[in-house]
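Please read the structure below before turning to the comments.
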Amino acid sequence: MLDKNFDPKSFEKNFSFDIEASTRKPDAEPFMVLLPPPNVTGSLHMGHALCFTIQDIVARYKRLKGYDVLFQPGLDHAGIVTQLLVEKQLYANGIKKENLTREALLKEIWLSKENSGAAIINQLKILGISCDFSRLRFTMDEDAKKAVAKMFVKLFDDGLLYRGRRMVNWDPLIGSAISDLEVVEKEIDGHLWHLKYMFADEDGYITVATTRPETLFGDTAVAVNPLDERYKRFVGKEVVVPLTDRKIKIIADKYADPEKGTGAVKITPAHDFNDYEVSFRHKLKVIEIMNAKGEMNENVPEIFQRMDRFKAREKVVELLEKKGLLEKIENIKQKVPFGDRSNVPLEPRITYQWFVNCKKLAEAAIEAVKEGKTRFVPRHWENLYFRWLEEIRPWCVSRQIWWGHRIPAWHGPDGQYFVAENLEEATAKATKFYGKNKVELTQDEDVLDTWFSSGMWPFVTLGWPKETDDLKRFYSKMIVVTGFDIIFFWIARMMMSGLYCMGEVPFPEVYIHGLVRDEKGQKMSKSKGNVINPLSLCEKYGADAVRYALASLSSPGRDVKINERIVETIGRNFLTKLWNVVRFAQMNGCLYNKDFEPKKAVSPITKWIVRQVSQMVSDVEESIEGYRFDEATGHIYRCLWNSFCDWFMEFAKPILQRPSPILTDDKPQEACLRLILLKKEIRDAIAWAIVQFTRVLYPIAPFISKKLSGEMGILDMTWPDIDKNLDFKDDVEEIELLKMIISSVRSTKQCLRLPPSEKINVRLENLGSDIESFVSKYEEILSRMAGIIVGEVAGQTVPVVVNGAIIHMECEGKINIKEEKTRLRNEIAKLKRNREETLSRLMNDDFLSKASEEVVQEHKKRVDEINDRIQKVDYILQNLNVM
RNA sequence: GGGCGCAUAGCUCAGCGGUAGAGCGCUACGUUGACAUCGUAGAGGUCGUAGGUUCGAUCCCUGCUGCGCCCACCA
């Protein structure tokens, strides 16, 4: 028997879904859900909870539907983030990175990875995510390493991957190159310094505006626009770089925009993408003035050397001012590129890096989506995907950090390198190249961008490059669920890698969910302090409540705003309701009866609830298949709370509470038997309905569903097998009429300020069916739920119109006639307005000729109904006058 | 500078070419056996704005306004 208090903690921990998650069904249709591997940098946040809940709903639903579901879990090594985190932890313990060897730092990171990984797995289990943990993979597994090396070599051999000296975005804090995607533009309050560049051979100067005065040591020209009349005559002249005695030329280049700054721009090829371009056109010298940490190097005057770039800026400005070379300072809003992980301003830097030429890969990825081989849900995300892939640039995949997949390339003593899957193969290549036996090879120091291995996740987890059975069975049969923020990082790359290595799209569908935000719609972040920890919510309200709330809030294409209160009011309250109704069922001895056949139900109320539940099941099915989890929870909610609890259980109560007759010889046997059978049918129907609820709810709230279906006597979870062709029309209509009568009486009582508990005599008129039999069936229900006694009435009455029927309520001395008259007049006025509107359409020839026949008929019917009602209400009004 | 999304009740959001919906909140009333984490009833919206298409527009199209996001190497 269930406890009176609903306490999810008391049972959630008792359930493990490991067995169902790892059970394979070789004969069933395969379906895979690919869990986006969480970073091993700590714990799961609300975004994970949403993403994983959605996936788990799909996985569980498909399992119930009979598919062979592989829900593949994994963890991501998350190169830069993880290394930064561990370095920070070490630093807090007084250990500096500089004092550690590569091996020592890696050892520390692996340790951290083990801890974090274990914590994440534990959290996934608390959330009830039913992936197959026996198949847990890590992006730096031995197998994954081999696969990554394999693909790297393949790309290299196909000429799609190369090493080159290029200008890249450099993160001075991390000391590494990063990809374009890892650059975030931030608008900051900055200054525009107007500097005087003195002419070398005459008096006077040209004014150059810059936001980065410290880079002037790297200047190798000043550019003006060839069409700029102001500066035409200066082109070819020399100016002196301030604070130095170095002379540079004034050049004419269309890059200089007369509208911007002073129209004359300093050219610093080593530290600006545009200037680098300009330097090629004019064969300018390239002077690097900073090291990997963003400190000034030996190419600047002595006093600036080893100085941090921002410190140097201050110093430069100070000196310029002293020397009278600073014309003015303007305050401006400025966009500056920052590293998304380090959150420091980036420096463009010219270095050797490895690049993937994505052009061809991208074309295939675009094509596949255009052809519909992969579909985004919601569809409009495809635009974003196309736009990025169409303008794709070479992808810098090397990182100057230690944590990650080491680049599978080996360098010879002379700078020659050999790309190979392992040292043996590299040695073989080197031997061939050098033509002698012993060559000292050293592996490339760099590691790969994390997303290189993430992009291979769909097939690496299935065993690639081995041609495993799983790979054949599940590749391209999977779904990926993720946020739009990683469409470029991950989805696009999985498409490219997948098509490249497997020749087929990895997944036919990608479901893109919204971002989780706080109740004000703000992004959750540690700095704002508005982060909600899903695990503490689970602790407080249960994982089911969190999952249910997330599902019901996840409308397509919209962000999910959540706070603790929402979990409480949406999730926990609903589950409490379910818990309580099951408890009530238990008190009444309801247990699942496998012999109960819904379509053979006898009692109208049973037929009604069977109909409602059946409809709900097919609605939920449709919703989940369309990824409408908000609708799915809505259907379950309304059916359980409104139809089942508010109506059916109330209908059932009087029947259940009737004392069971004892069959003796002196009582009419048939009536007793009928009651016994009716009570049994009601109990069976209650248990049946509850079981259906737990089944449809199982994908969303698995713990409570399992618990409650167990209480009802069901151990195996399956999707409800519902008869979609039930013909209960007449009975369903009868119950709908009953409901309307009850509602109308309640409403009228409230209007008339009659206490709901007061029993009122009523007379029914024009019911449309046999009043006597209707009353005999529902007399008890009408009495309990509406507080009316059907029979004859005396004295003053208030008639209530329900559909075609009229309920005359006895109210002698109980009501205020004036108020009642006002109420009725208002009702008539409203009805008339309604009628006018409908009639005006029916009198419109265009409407009659152009609207569909169905719509026209509907309008005509509506007018008839309104007329009928007006007539009755008016009749009532007249009679009130007489009384 | 391009592109995308959103605008519906006090709040959070569904919806839809044919008389506006839910949850929360609010108001009134109601509890001795499922549930106050509750029940019953009710108030509350000219569906952002201006045009257009249509017999009919909250829904489709266009402009505008406001908010949010993405992309882009500019001093």
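The values are calculated or read from the model by the stated rules, or taken from the named source; none is laboratory data. Note that the structure is a prediction, hence the values are computed from the model and not measured. Note: ideal-geometry Cβ built from the backbone for every residue, glycine included; neighbour counts use all protein chains shown.
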> So which residues in segment A:392-407 are basic (Lys, Arg) and more than 16 Å from RNA strand B (Cβ to nearest atom), if there are any at all?
Replying inline: A:399, A:406
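Going by the conditions given, is residue A:641 part of a helix (DSSP H, G or I), of a type outside the set (D, E, K, R), more than 16 Å from RNA strand B (Cβ to nearest atom) and modelled with pLDDT of 95 or more? Talk me through it step by step, then tell me what you get.
Values: part of a helix (DSSP H, G or I): yes; of a type outside the set (D, E, K, R): yes; more than 16 Å from RNA strand B (Cβ to nearest atom): no; modelled with pLDDT of 95 or more: yes.
Judged against the criteria, residue A:641 is not a match.
Name the single residue, out of those in segment A:127-150 being aliphatic (A, V, I, L, M) and within 30 Å of the chain's Cα centre (by Cα), that is nearest to residue A:534 (Cα to Cα). Write out each step before concluding.
Within segment A:127-150, the first condition is being aliphatic (A, V, I, L, M), and the residues that meet it are A:127, A:129, A:136, A:140, A:144, A:147-149.
With the extra rule that they be within 30 Å of the chain's Cα centre (by Cα), the set shrinks to A:127, A:129, A:136, A:140, A:144, A:147-148.
Values: A:127: 8, A:129: 13, A:136: 22, A:140: 27, A:144: 30, A:147: 34, A:148: 34 Å.
Among them, the one singled out is A:127.
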> Which of (1) away from RNA strand B (no atom under 16 Å from the Cβ); (2) modelled with pLDDT of 90 or more is the odd one out, the single condition residue A:243 does not satisfy?
Replying inline: (2)
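Could you identify the single residue in A:481, A:546 that is modelled with pLDDT of 95 or more, touching a helix residue (DSSP H, G or I) at 6+ places or on another chain (Cβ under 6 Å), among the hydrophobic types (A, V, I, L, M, F, W, C) and outside any helix (DSSP H, G or I)?
Numbers: A:546 fails: outside any helix (DSSP H, G or I).
Within the list A:481, A:546, the selection yields A:481.
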> Just for segment A:818-861: of the residues that are more than 23 Å from residue A:875 (Cα to Cα) and of a type in the set (A, V, I, L, M, F, W, C), which one is surrounded by the fewest Cβ atoms within 10 Å (Cβ to Cβ)?
Replying inline: A:843
> Just wondering, is there one or more residues in segment A:452-470 that are within 16 Å of RNA strand B (Cβ to nearest atom), farther than 24 Å from residue A:170 by Cα and within 22 Å of the chain's Cα centre (by Cα)?
Replying inline: no
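Of the residues A:781, A:742, which is crowded, with 19+ Cβ neighbours inside 10 Å and near RNA strand B (Cβ under 9 Å from one of its atoms)? Before you say what the answer is, go through the steps one by one.
On the way: A:781 fails: near RNA strand B (Cβ under 9 Å from one of its atoms).
Just one listed residue meets the conditions, A:742.
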> If you check every pair at least six apart or on different chains, which have Cβ atoms under 8 Å apart with a residue in segment A:264-275 that is at negative phi and among the polar types (S, T, N, Q) first and a residue that is at pLDDT 95 or above and more than 9 Å from RNA strand B (Cβ to nearest atom) second?
Replying inline: none
>> Tell me the residue from A:700, A:735 that is touching a helix residue (DSSP H, G or I) at 6+ places or on another chain (Cβ under 6 Å), surrounded by 16 or more Cβ atoms within 10 Å (Cβ to Cβ) and either within 18 Å of residue A:645 (Cα to Cα) or not aliphatic (A, V, I, L, M) (or both), please.
In response: A:735
> Within the set of pairs 6+ apart or on separate chains, which have a first residue in segment A:793-811 that is within 20 Å of residue A:753 (Cβ to Cβ), a second that is part of a loop (DSSP other than H, G, I, E, B) and of a type in the set (S, T, N, Q), and C-beta atoms under 7 Å apart?
Replying inline: A:811/A:796
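Checking the conditions here, which among A:783, A:852, A:773 is touching a residue at least 24 places away in the same chain (Cβ under 8 Å) and of a type in the set (S, T, N, Q)? Full working, then the answer.
Working: A:852 fails: touching a residue at least 24 places away in the same chain (Cβ under 8 Å); A:773 fails: touching a residue at least 24 places away in the same chain (Cβ under 8 Å).
That would be A:783, the only listed residue that is touching a residue at least 24 places away in the same chain (Cβ under 8 Å) and of a type in the set (S, T, N, Q).
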>> All but one of (1) over 20 Å from residue A:172 (Cα atoms); (2) of a type outside the set (D, E, K, R); (3) surrounded by fewer than 19 Cβ atoms within 10 Å (Cβ to Cβ); (4) within 44 Å of the chain's Cα centre (by Cα) hold for residue A:324; state the number of the condition that does not hold.
In response: (4)
> For residue A:749, are the conditions met, namely being within 16 Å of RNA strand B (Cβ to nearest atom), of a type in the set (Lys, Arg), within 40 Å of the chain's Cα centre (by Cα) and crowded, with 16+ Cβ neighbours inside 10 Å?
Replying inline: no
>> Taking the conditions exactly as written (of a type outside the set (Lys, Arg) and surrounded by 22 or more Cβ atoms within 10 Å (Cβ to Cβ)), does residue A:26 satisfy them or not?
In response: no
> Within the group A:220, A:215, which residue is in contact with a strand residue (DSSP E or B) (Cβ under 9 Å, 6 or more places away or on another chain), within 13 Å of RNA strand B (Cβ to nearest atom) and among the β-branched types (Val, Ile, Thr)?
Replying inline: A:215
>> I need the full set of residues from segment A:573-614 which are within 32 Å of the chain's Cα centre (by Cα) and free of Cβ contacts under 8 Å to residues at least 60 places away in the same chain, in order please.
In response: A:573, A:612
>> Looking only at residues that are closer than 21 Å to residue A:637 by Cα and within 12 Å of RNA strand B (Cβ to nearest atom) in segment A:527-543, which one is surrounded by the fewest Cβ atoms within 10 Å (Cβ to Cβ)?
In response: A:541
>> Against the condition touching a helix residue (DSSP H, G or I) at 6+ places or on another chain (Cβ under 7 Å), outside any loop (DSSP other than H, G, I, E, B) and of a type in the set (Phe, Trp, Tyr), how does residue A:403 come out, does it pass?
In response: no
> What are the pairs, 6+ residues apart or on separate chains, where a residue within segment A:130-155 that is over 18 Å from residue A:78 (Cβ atoms) has its Cβ under 8 Å from a residue that is surrounded by fewer than 18 Cβ atoms within 10 Å (Cβ to Cβ) and of a type in the set (Val, Ile, Thr)?
Replying inline: A:133/A:121
>> If I go through segment A:644-666 residue by residue, how many of them are free of Cβ contacts under 8 Å to residues at least 12 places away in the same chain and either surrounded by 15 or more Cβ atoms within 10 Å (Cβ to Cβ) or within 9 Å of RNA strand B (Cβ to nearest atom) (or both)?
In response: 2
> Restricting attention to segment A:549-560, and to residues there that are near RNA strand B (Cβ under 10 Å from one of its atoms) and within 11 Å of the chain's Cα centre (by Cα), which single residue is surrounded by the most Cβ atoms within 10 Å (Cβ to Cβ)?
Replying inline: A:554
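Strands (runs of 3 or more DSSP E) wholly in segment A:183-244 with at least 1 residues that are touching a His at 6+ places or on another chain (Cβ under 9 Å) and crowded, with 17+ Cβ neighbours inside 10 Å - which ones?
Working: elements: A:183-198, A:205-210, A:221-224, A:238-240.
Hits in segment A:183-244: A:205-210, A:221-224.
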> Of the conditions (1) in contact with a Cys (Cβ under 7 Å, 6 or more places away or on another chain); (2) within 8 Å of RNA strand B (Cβ to nearest atom), residue A:546 fails just one. Which one is it?
Replying inline: (2)
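Considering A:488, A:574, which residue is surrounded by fewer than 21 Cβ atoms within 10 Å (Cβ to Cβ) and either in a helix (DSSP H, G or I) or of a type in the set (S, T, N, Q) (or both)? Break it down stepwise before answering.
On the way: A:574 fails: surrounded by fewer than 21 Cβ atoms within 10 Å (Cβ to Cβ).
The conditions single out A:488.
Of all residues in segment A:753-762, how many are in contact (Cβ under 8 Å) with a residue 12 or more places away in the chain, surrounded by fewer than 18 Cβ atoms within 10 Å (Cβ to Cβ) and at negative phi?
Matching residues across segment A:753-762 total 4.
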> Counting residues that are farther than 25 Å from residue A:132 by Cβ and out of contact with any helix residue (DSSP H, G or I) (no Cβ under 6 Å at 6 or more places or on another chain), which helices (runs of 4 or more DSSP H) fully inside segment A:422-471 reach at least 3?
Replying inline: A:423-434
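Please tell me if residue A:360 is under 28 Å from residue A:494 (Cα atoms), among the basic types (Lys, Arg) and surrounded by fewer than 19 Cβ atoms within 10 Å (Cβ to Cβ).
Values: under 28 Å from residue A:494 (Cα atoms): yes; among the basic types (Lys, Arg): yes; surrounded by fewer than 19 Cβ atoms within 10 Å (Cβ to Cβ): yes.
Answer is yes for this residue.
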